[in-house]
Structure formats: C-alpha cells, structure tokens
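Just below is one structure, and these are the notes that go with it.
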Amino acid sequence: MEGSHAVARAVTMCRPQVIAAYPITPQTHIVEALAEIVANCELDADYITVESEFSALSACLGASAAGSRVYSATTSQGLALMFEVCFNVAGMRQPVVMSIVNRALGAPLSIWNDHQDSISLRDSGWMQFYAEDNQEATDLHYIAYKVAEDHRVLLPSFVCFDGFILSHTYEPVDMLNQEQADSYLPPFKPYHRLDADDPISFGLFASPDYYQEFRYENDQALRSAQDVVASCGREFGEMFGRDYSGLVEAYRLDDADTAIVAMGSLCGTVKDAIDELRDAGKKVGLLKIRSFRPFPAEEIKSALSGVSRVAVLDKNISLGSKGAACLEIRDALYGSQIPVLGYVLALGGRDVRKKDIAAIVDNAEKGRGDIFYGLREELLK
Amino acid sequence: MALNLGCTAKPGNARDNKTGSWRVFKPEFIREKCTQCGMCTIVCPEGCISPDEDEFPVPDYDYCKGCGLCAEECPSEAIEMKKEEK
C-alpha cells in the first residue's frame, strides 16, 4: 500500500468521530482518502472542510473538548500556521492525534522532506513519535491515541513520518482489522467535556500566581507519559507481534565503538550502512529515537553508556545553534565524557545514502563533528 | 482558582481570581475627610468599593488593582495612594 493510504486506513480503524484537515503536499493523499472513506459511509465521522490549517486544528480542539475522538494531518507551512493552536491544545490537555508528514519549512520554498516542521513545535507540549517505515507509521497511530487518551497523560500527539520517502512509497503493511483495533483501542472516555447541562470553560486565564504551576503540571504530564508510551507499546506487541515498548530502539549497538543516533526513515538506510561497515570490521551501531517527546533521556544514557563516540544525525537545525537531537543527546550524556558529534543533513529533501553514513562514521572517528554534512562547497562563495 | 486539568472552570468563577495582587499603589481611605458622597463607589472600575455599616466607603483589597481613579475623583481628597511593599 501507499504510505498515505495505509495511514488513512489505520486512522479509520481508530474510529475518529471528527476529522478536520486542510490538504497540503505531501499530506494530501491521507485527507483525500479519509474524505472518500467518510463519503462512502465506511467511517461514521463528521468531516469538516475548513479554509486553513489554523481552522482545522481549532475545529479539532473544539470537537475534542466536546468529547469526540478527533484527527487531523498536516505538514510544513500548515503546521506553522497551527502554531498558536498547538500550544492551546496541549495546555487544555486535549488528546488530539495528528499525522505530520514531515517536510521542510520555507523560505526557500520546498515540498521535500526534513524534520524542521515538527521539531520546531518541540516546546509545545505535544508528544512526538517518529516512524522508520510505513508499518511503524500506521501502528503508531493506534498507540498515539491510546497514550494520548490515557487519563494519566491527556496530551496531544504527533505521529511523524517522512514526506514522500514514506508517504508516497508503496510497501507491504500488515493492517489490523476492525475487531483487533477495537480490542486495543477502546472508545474515547473524555476526562471532562463541554456540556450545556453542566457548563465548563477550557483554557482559562491564569494570573502570575497560577500560570507557572499550570506549566509545571503540563511538563510533569509529558515526562510521566514515558511509562504509558512503554506500556501501550508493549501491549501492542503482545497483541499483534510488533513490540513498541522502547521509546528508543538499538540496532547492533551492544559492542559498538561509534553509535549513530537518528530518527525517522533515515534509520533504515543507517541499518544497511551499519551491516556493511560491520562486514568491513567497523564496530558501528544505531540508536533510533522513536519518541522525541517525551524524551527518554535515561534510556538513552544507559543505551549509549558503553560507546566511544556518538554521531547524531539531525534533519533539522536550530539556526545559530545545532540540531535538536544533538543538543538533547549531549544533555542526556552530560558528565559522561563521551563525545557527541552533530551532523545536520538531508535538509529540504537531499538524499542520504549508505556511503554518506560511512563518511559520517569516518568523520566521527576523526573527531570532526558539529557540521552540515554534504554541503556543496562549489555553491558557496 | 484551582489548578484544574486543562485550565477548566465552572461558570461564574471570576471572583476566584484575586486581581488585587496586581496592585502597586494602594488607596488609603481617610475617614476624617470623607463626606460619604459615594463618588469613589461610582468610579471604581472593579466595583469593589462598598459602604460599611456606618456608610463609609471601604475597598475590597482582594480585587482593588490600585488604579487610583477613586483618589483622583474624590472631591474631598479623602483617598491617598501609597506605594505598597510586598
């Protein structure tokens, strides 16, 4: 199946009651497919057509507060337009699930993949899960709903997967049937909801005497979501054979000298490159970050405790500083003396191949990091 | 106000926000000068000045933001704004 269509089918199985989204490349196939599914009465949902992404997420926020399971999807500029609403959804603790089909942010205009869009919302309070392939992208939607709606969490969630690289790629995907999906994901039970007979307001004013405590509780909820992500991921594995209990996932990392840290579809390329490097006698392993928020700092610290160096691949850049994952890995390993080297790469859809991973490992072994990898020097004056 | 999850509240709870904490200058009412004209009660934007049992105006400092309108308008200069140390 095409990645977008697999995700649309998985979302259908999650039985959202309200869908509001605005089409934008490369997310369009998801919302087109869902519109068709709703029009064909295969899913009993209100599909709200809106005039912008701001309205899409606002409609979802209202519907969620009214007690509905809701879904949206967007990318890039669309997510940027949702910025304000994103913070409100998280602050009002509404378990909205939204697919982010990762794409670069303009300017310059680019429709191709990197992680700048969702990473730029890392401070918003949403959970962020990154998929390596379309199987993971579909499975993470069930898990995202289950975690988000858990009354110990009650936070919204992005399910991020790479635009075009996954969204427009055909690969086999094992889909749950409706019975399986229902047995894993029970109907949404709102913690509290808008009700004309018992009125309540959401997202109220907080004076300086209260605001900081609200933010503290929001932070605590996101931190404690780690255990719920692990248990919901484990339960998925017990029921359907694909285990997602780890917020990170190690590949040939046990005896590795150089650890590569990456997120999303890049991990597949890295795994193949590692196999070749291992055949050539280099001890290289991968630590894949599946959950960037909540950020499993302790899990990462223990997974990387035995390596000699860490090469972090970031498809994003905090301009004037470094890639987001590099900064957080360095923070997680603070005090350990393990060098953490950052590589910003694949911005705006530039392809990354196995030879690039080999070159990055080579750079890391020489202690050369905190660079943009693969710059075309001839273009730079 | 309580730390309800999702920043929620039932209707009619504006009183729970003790906006008096915003105050920098505090109005002090001098009874000896007060003529009980009621001007301060009328001009107070918070509506937080009401007469006591002897008909003298008394502010509710839980909600008085210290705007100073009462002191500005008082015809007998019976209200003084004093810097409040916290």
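So what is log10(I(q)/I(0)) for segment A:172-234 at q = 0.15, 0.19, 0.26 1/Å, when the Debye sum runs over its Cα atoms only? Summing over Cα pairs of segment A:172-234 leads to -0.83, -1.01, -1.13.
When the P(r) is computed for segment A:248-379, the part past 23 Å accounts for 23% of the Cα-Cα pairs.
Using Cβ point charges alone (K and R +1, D and E -1), the dipole size of chain A about the Cα centre works out to roughly 1040 debye. Here's how it looks for B:Glu28: its modeled amide H is under 5 Å from those of B:Glu80, B:Met81, B:Lys82, which are all 5 or more places away or on a different chain. As a ratio to 2.2 N^0.38 Å, the alpha-carbon radius of gyration computed for segment A:184-277 takes the value 1.69.
Legend: calculated FRET efficiency, A:His168 to B:Leu3, from the Cβ-Cβ distance at R0 = 45 Å, rounded to 0.05, equals 0.50.
Computed over the alpha carbons of segment A:1-111, Rg followed by Dmax gives 13.3, 41 Å. Remark: B:Asp16, B:Asp54 ranked as B:Asp54, B:Asp16, counting other beta-carbon atoms within 10 Å and listing the fewest first.
Once Rh for segment A:3-240 is found with the Kirkwood sum over Cα pairs, what is the Stokes-Einstein diffusion coefficient at 10 °C and 1.306 mPa s, in µm²/s?
89
Binning the C-alpha pair distances of segment B:36-86 at 5 Å intervals from 0 yields a P(r) profile of 4, 22, 32, 26, 12, 3, 0 %, listed from the shortest bin outward.
Size check on segment A:52-146: the Cα extents along the three principal axes, sorted descending, read 39, 29, 22 Å.
In whole angstrom, the protein assembly as shown maps to an equivalent ellipsoid with semi-axes of 51, 28, 20, each derived as √(5λ) from the alpha carbon gyration tensor and ordered largest first. As a proxy for reagent exposure, ranking A:Ser308, A:Ser291 by other Cβ atoms within 10 Å from fewest up yields A:Ser308, A:Ser291.
For segment B:60-69, backbone phi angles converted through the Karplus equation (6.51, -1.76, 1.60; θ = phi - 60°) give residue-by-residue couplings of 9, 5, 5, 10, 5, 8, x, 5, x, 4 Hz, Gly and Pro being listed as x.
Among the trypsin sites (Lys or Arg not before Pro) in segment A:135-220, those placed in a DSSP loop whose Cβ has at most 12 other Cβ atoms within 10 Å are A:Arg152. Approximating the spin labels as points 7 Å out from Cα along Cα→Cβ, the A:Ser336-to-A:Glu298 distance works out to 1.5 nm.
Restricting the GluC sites (Glu not before Pro) of segment B:5-46 to loop positions (DSSP other than H, G, I, E, B) with no more than 11 neighbouring Cβ atoms within 10 Å leaves B:Glu32. Think of chain B as having a plus end and a minus end, set by charges on the Cβ of Lys, Arg, Asp and Glu; of B:Gly12, B:Cys48, B:Leu69, B:Gly12 sits farthest toward the positive end of this dipole.
Multiplying the sequence separation of A:Ala280 and A:Gln180 by 0.36 nm and subtracting their Cα-Cα distance, what value in nm do you get?
Here the segment from A:Ala280 to A:Gln180 would lengthen by 31.6 nm.
For the pair A:Asp46 and A:Glu217 in one chain, pulling the backbone fully straight at 0.36 nm per residue adds 58.3 nm over the alpha carbon distance. Taking a sphere under 15 Å around the Cβ of A:Ala80 and counting the other residues whose Cβ falls inside, with K and R at +1 and D and E at -1, yields a net charge of -3. Pairs exceeding 23 Å between alpha-carbon atoms, taken from A:Lys282/A:Lys354; A:Lys146/A:Lys322; B:Lys26/B:Lys86; A:Lys271/A:Lys355: A:Lys146/A:Lys322. Each of A:His5, A:His192, A:His151 was scored by other Cβ atoms within 10 Å of its Cβ. Arranged with the fewest first, they read A:His151, A:His192, A:His5. Every pair of different Cα atoms in chain B enters the Kirkwood calculation, which places the hydrodynamic radius at 14.1 Å.
Counting only DSSP H runs of at least 4 residues, each contributing -39500 (n - 2.57), and dividing by the residue count of chain A, the helix-based mean residue ellipticity at 222 nm comes to -12000 deg cm²/dmol.
All of the numbers you see were taken from the coordinates with simple rules; none came from a lab. What you see is a predicted model; the values in this text were computed from it and never measured. Backbone-built Cβ (ideal geometry, glycine too); neighbour counts: all protein chains shown.
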